[in-house]
Amino acid sequence: MEIATPDQIRSPVEVAPRALTLFAVVAVGLGADREEIIPWLRENDLFEELSPMEAQFIEDPEPSERQITNASWYSERLIALLWALDLASMPPADERCDTSLLQDILPPYAEVNERDFIKSAKLRSGEELIAMVDQILNLHWEARDARIHDRPPRNVDLGIIQERHHAINWVIGYDGLPWDEVTTDT
């Protein structure tokens, strides 16, 4: 796996496995059997791709309700990764992604195996990625500003946009931070 330097867009070979491992985390968060997910990750050389926090969650037979809720929210991070890989459109900032779409795109459910998914991965252009970063940053700022001033934000959900902001910042190599440490500064 390549290590990104600060503000260097990550390669498709980094983003595709990240999407697959995140899919596993989301699946467990939504109730999938971890006893099926863990062997799948290991068989496909993806277990090592889990971040430390993800590995702890996946291996914990009794995660907290908070961990389960967080894992289910990571579907918003995943949709941002799939958008970056040009495999999905980005839902509106006030609309949660349709998690059933994930199975249409990602192995082991989609009509592509894990190795081919990674091998064929391509990212959107740098210009598209940076434009999306700017758009998400502005929406995130708007949502935070609305919360600070105790008013409803327009067409943006703070929880949704914060998760997407995390993922897109990781894709562009924001400060070169690893997945668990990515910030969402506004």
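What is the calculated FRET efficiency for Arg154 to Asn70, with r their C-beta to C-beta distance and R₀ = 30 Å, to the nearest 0.05?
E between Arg154 and Asn70, to the nearest 0.05, is 0.70.
Give the shape of region 38-186 as rounded, prolate or oblate, defined through the alpha-carbon gyration tensor: a ≥ b ≥ c are the square roots of its eigenvalues, a/c under 1.5 means rounded, and otherwise the shape is prolate if a/b is larger than b/c and oblate if not.
Note, shape of region 38-186 comes out prolate.
So which GluC sites (Glu not before Pro) in region 1-99 are both in a DSSP loop and have at most 15 other Cβ atoms within 10 Å of their Cβ?
Glu2, Glu95
Taking Cα centroids, how far is region 98-143 from region 34-68 in Å?
The two parts, judged by their Cα centres, are 21 Å apart.
Taking the Cβ-Cβ separation of Leu177 and Glu35 as r and a Förster radius of 30 Å, what is the calculated FRET efficiency to the nearest 0.05?
Values: r = 32 Å, r/R0 = 1.06.
It comes to 0.40.
Of the peptides 20-28, 84-92, how do they stack up when ordered by the mean number of other Cβ atoms within 10 Å, highest first?
Those peptides, ordered most packed to least, come out 20-28, 84-92.
Using only DSSP helix segments of four residues or longer, with each worth -39500 (n - 2.57), what per-residue ellipticity at 222 nm results for the chain after dividing by its residue count and rounding to 500?
The per-residue figure over the chain is -17000 deg cm²/dmol.
Report the extension gain between Val112 and Asp134 in nm, rounded to one decimal, defined as 0.36 nm multiplied by the number of residues separating them, less their alpha carbon distance.
Here the answer is 4.7 nm.
For the pair Lys122/Arg147, report the inter-label distance in nm, with labels modelled 7 Å from Cα in the Cβ direction.
Label at Lys122, label at Arg147, 3.8 nm between them.
Only the coordinates and a few stated rules stand behind these numbers; no lab work does. Bear in mind that the values here come from a model prediction, so they are computed numbers and not experimental data. Glycine gets a Cβ as well: all are built from the backbone with ideal geometry, and neighbour counts include every protein chain shown.
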